[in-house]
Number of protein chains: 2
Amino acid sequence: MIKLYGMPLSPFARKVLLVLDYKELEYENIPTFPADESPEFRAISPLGKVPVLDHDGFILPDTSVISRYLDRIAPEKSLYPEDPKLEATACWLEEYADSKLIENCAGLFRQRLINPKFFNEPTDEEVVQSILTEGMPQCLDYLESVTPESGYLVGDSLSIADIAVTTCFIQARYGGFDVDSAVAPKLRNYLDRAFAAPLVVKRLESEKAVVNAIAPDLL
Amino acid sequence: MIKLYGMPLSPFARKVLLVLDYKELEYENIPTFPADESPEFRAISPLGKVPVLDHDGFILPDTSVISRYLDRIAPEKSLYPEDPKLEATACWLEEYADSKLIENCAGLFRQRLINPKFFNEPTDEEVVQSILTEGMPQCLDYLESVTPESGYLVGDSLSIADIAVTTCFIQARYGGFDVDSAVAPKLRNYLDRAFAAPLVVKRLESEKAVVNAIAPDLL
């Protein structure tokens with residue numbers, strides 16, 4: 001039995017949920033906040049982060065480690081290219097998405113959705129402006145430079161890079177941000193393809209109830 | 001031709017240098033500071049971090065991605081256990097070392113060695129105390145709970161977990177910290193074994209000149 005501790009709207013939980021869905025693995029998602037201070041949660045998450053995987057009692061934190069583990073136990077349709085250079089490129093883009101890109105995407109999500117709609121706190125417009133004028137343009141520049149005209153980000157099938165980058169831009173959309181096709185045309189086309197994929201459509205569908213509860217007018 | 005951009009005393013560069021040595025790969029280490037603002041370096045390191053690998057023009061940042069790539073192109077004596085659970089455990093410990101543990105070990109290195117001996121700045125004793133009384137004890141508790149009585153951290157041969165954890169404690173030693181065997185006996189024994197391994201002895205030997213240049217009385 002696979003259990004995943006994490007909030008459905010967390011970009012990191014979503015990353016693993018996309019892997020689980022893609023691998024057609026059965027699982028239970030146990031909604032858990034990263035700030036959960038219960039001894040039970042701290043024991044399974046030494047860094048206090050979500051998500052955490054529990055596979056029949058085998059506890060595993062960290063989305064990159066969890067994703068590869070799931071790929072190892074369900075190796076059909078591998079998310080890691082066979083060629084070492086392609087595999088490394090996919091894993092590097094995953095790392096870029098999980099660190100630099102998510103910082104900006106989650107910042108917009110936090111400031112424009114969670115702060116006003118969930119915490120009843122004002123949006124910090126300075127933070128938003130800094131993301132929109134500095135952080136995000138850097139990310140778009142870089143990603144545009146590595147995005148192909150068609151197909152997947154790396155190689156000729158879905159890889160962990162696609163899943164990691166897509167989950168970030170889902171977060172950005174909730175934060176009212178979409179990639180301008182005049183700024184990053186290849187990336188914008190790529191994201192249009194990614195958002196139309198049944199895997200992503202299904203995931204967004206399952207997030208609707210939570211999003212609607214927070215911001216009924218968003219979707 | 002393999003080139004590694006990074007400072008020899010950076011714990012992250014050392015991690016990759018240990019992998020290169022273990023794999024008996026030929027390489028050139030090009031000393032580079034993470035603060036390097038040259039367009040050449042920023043172009044190959046989108047996150048502005050070291051180390052960065054250049055393998056015949058194939059550029060790869062991030063130590064975890066680089067290490068796995070090197071293991072893929074030189075698969076003998078793999079640093080990634082074959083069993084999925086053991087592999088995941090090794091990669092999780094690598095992640096723990098690369099984030100939480102290094103934060104504390106590098107903090108001591110910075111405060112006690114680099115600040116006074118290299119930047120001619122005072123040691124921030126508050127930071128040191130916070131590491132010694134909070135950050136480090138948490139790490140030692142956790143690591144002690146996962147360290148075996150004998151052998152390697154995970155499985156029955158050297159893995160990426162051993163390399164990642166060992167490079168952190170080399171940093172801590174330069175920062176005047178060693179694990180108290182009364183506090184974490186299994187970890188202390190493990191580190192005694194790790195530091196006695198020819199791979200580590202050789203690496204420490206090659207770092208001596210730089211360390212001596214910074215702090216002639218340290219070693």
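The values are calculated or read from the model by the stated rules, or taken from the named source; none is laboratory data. Keep in mind that this is a model prediction, so the values were computed, not measured. Ideal geometry is used to build each Cβ from the backbone, glycine not excepted, and the neighbour counts take in all protein chains shown. Heads up: the accessible areas ignore ligands, DNA and RNA and are worked out on the full protein's heavy atoms, side chains in. Shrake-Rupley method; radii C 1.70, N 1.55, O 1.52, S 1.80 Å.
Between A:S64, A:S10, which is among the polar types (S, T, N, Q) and at pLDDT 95 or above?
A:S64
Do we have any residue at all in the stretch B:102-125 that's at pLDDT 95 or above, under 25 Å from A:S64 (Cα atoms), touching a Phe, Trp or Tyr at 6+ places or on another chain (Cβ under 6 Å) and not aliphatic (A, V, I, L, M)?
No; the residues of the stretch B:102-125 include none that is at pLDDT 95 or above, under 25 Å from A:S64 (Cα atoms), touching a Phe, Trp or Tyr at 6+ places or on another chain (Cβ under 6 Å) and not aliphatic (A, V, I, L, M).
When residues of the stretch B:170-195 are filtered for being under 16 Å from the mean Cα position of the chain (by Cα), exposed (fewer than 14 other Cβ atoms within 10 Å of the Cβ) and of a type in the set (A, V, I, L, M), how many remain?
The qualifying residues number 0.
Can you tell me which residue in the stretch A:68-127 is nearest to A:E26 (Cα to Cα), limited to those that are of a type in the set (D, E) and assigned to a helix (DSSP H, G or I)?
A:D71
Which fully enclosed helices (runs of 4 or more DSSP H) of the stretch A:133-219 have 1 or more residues being under 23 Å from B:L47 (Cα atoms)?
A:136-146, A:160-174, A:185-196
Name the one entry in B:P46, B:P61 that is touching a strand residue (DSSP E or B) at 6+ places or on another chain (Cβ under 6 Å) and free of Cβ contacts under 8 Å to residues at least 24 places away in the same chain.
Exactly one residue qualifies, and that residue is B:P61.
If the requirement is being within 14 Å of another protein chain (Cβ to nearest Cβ), open to solvent by 70 Å² or more (accessible area, probe 1.4 Å) and hydroxyl-bearing (S, T, Y), which of these qualifies: B:S78, B:S159, B:S99, B:S145?
After applying the criteria, what remains is B:S145.
Let me confirm something: among B:T167, B:T133, B:T89, which residue is among the β-branched types (V, I, T), open to solvent by 20 Å² or more (accessible area, probe 1.4 Å) and closer than 23 Å to A:S99 by Cβ?
When all the criteria are applied, what remains is B:T89.
Looking at (1) within 14 Å of another protein chain (Cβ to nearest Cβ); (2) over 22 Å from B:Y22 (Cα atoms), can you tell me which one B:Q129 breaks?
Every condition holds for B:Q129 apart from (1).
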